[in-house]
1. Which residue, D39, D83, D107, tops the fluctuation ranking in a GNM of the chain built on C-alpha contacts under 10 Å?
2. What is the magnitude of the charge dipole of region 20-74 about its Cα centre, with +1 placed on the Cβ of each Lys and Arg, -1 on the Cβ of each Asp and Glu, and no other charges, expressed in debye to the nearest 20?
3. Calculated from the structure, Rg/Rh (Cα atoms, Kirkwood Rh) equals which of [x] 0.93; [y] 1.12; [z] 1.07?
4. Work out from phi, with θ = phi - 60° and the Karplus expression 6.51 cos²θ - 1.76 cosθ + 1.60, the ³J(HN,Hα) of each residue of region 28-41, listed in order in whole Hz, and give x for Gly and Pro.
5. Give the residue from L172, T85, A53 lying farthest towards the positive end of the charge dipole for the chain; charges sit on Cβ (+1 for Lys and Arg, -1 for Asp and Glu) and the dipole is referred to the Cα centre.
6. Which whole-number percent gives the relative contact order of region 20-74, counting Cα pairs below 8 Å spaced six or more residues apart?
7. When the Cα centres of region 115-131 and region 15-84 are compared, how far apart do they sit, in Å?
8. With springs only between Cα atoms under 10 Å, which of T85, T45, T119 fluctuates most in a Gaussian network model of the chain?
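Since every read-out is calculated from the coordinates, none of them should be taken as a lab result. Small disclaimer: the values here were computed from a predicted structure and weren't measured. So basically every Cβ, Gly included, is an ideal-geometry build from the backbone, and we count neighbours across all protein chains shown.
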Amino acid sequence: MAETESSPSAPDAAPDRPRRSDATRAAILEAARERFAADGYERATIRAVARDAGIDPSMVMRYYGNKAGLFAAASEIDLKLPDLTSVPRDQLGAMLVRHFLDRWERDETLTAMVRVAVTNEAGAERLRGVFAEQIRPALAAVCAVPEKAESRAALVGSQLVGMGMLRYVLVLPPAAALGREEVVSWLGPTIQHYLTAEHP
């Protein structure tokens, strides 16, 4: 009878462990993003991240090994770019602006890592990787002049990252006060030109 009574509790216990583990990892990563953004890579410490997350430093080491491993995990960014070849060509600029506004507003990792990137080489290198691995290939697929895809992607990035920096990182009042569709209306045609024009 004892076995019959105890057996229902066993399945319940197992799922709790991964849930606790997931919650711990999420708390560590959230604390790490805030700490890296506030202190920069060099001054941020495992101990400070653990304190912010309310856990022992050994737990951070257990999951991420060292500060470099923690930074890599905390700065993982997926821009979730759609297949641009399926977007109507005359809507590419507006769609990209809307997409990036969504990413800035929904993913605090992007904002935190841009803060790190402007002051630290590790953060800058991480964002260069995002550009090379995600943005450049996506834009190359629709660039009007394929051999100029890299420079066109850099121009597009200057608009999207520049607005994101002013609007979400520095929170410059005139930029932050613009409505979403105002931003789309101003930036969309410029990005459209970068992608589809044969010449400047």
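1. Its mean-square fluctuation being the largest, the pick is D83.
2. Details: 9 positive and 7 negative charges, 26 e Å.
The calculated dipole for region 20-74 is roughly 120 debye.
3. Evaluating Rg/Rh (Cα atoms, Kirkwood Rh) on these atoms matches [y].
4. So the Karplus estimates, Gly and Pro as x, are 5, 5, 5, 5, 5, 4, 5, 5, 4, 5, 7, 9, x, 5 Hz.
5. It is L172, whose Cα lies furthest towards the positive end.
6. Numbers: 43 pairs, mean separation 21.3, N = 55.
Result for region 20-74 is 39 percent.
7. Each part's Cα centre sits 17 Å from the other's.
8. Maximum fluctuation in the GNM of the chain, among the listed residues, is at T85.
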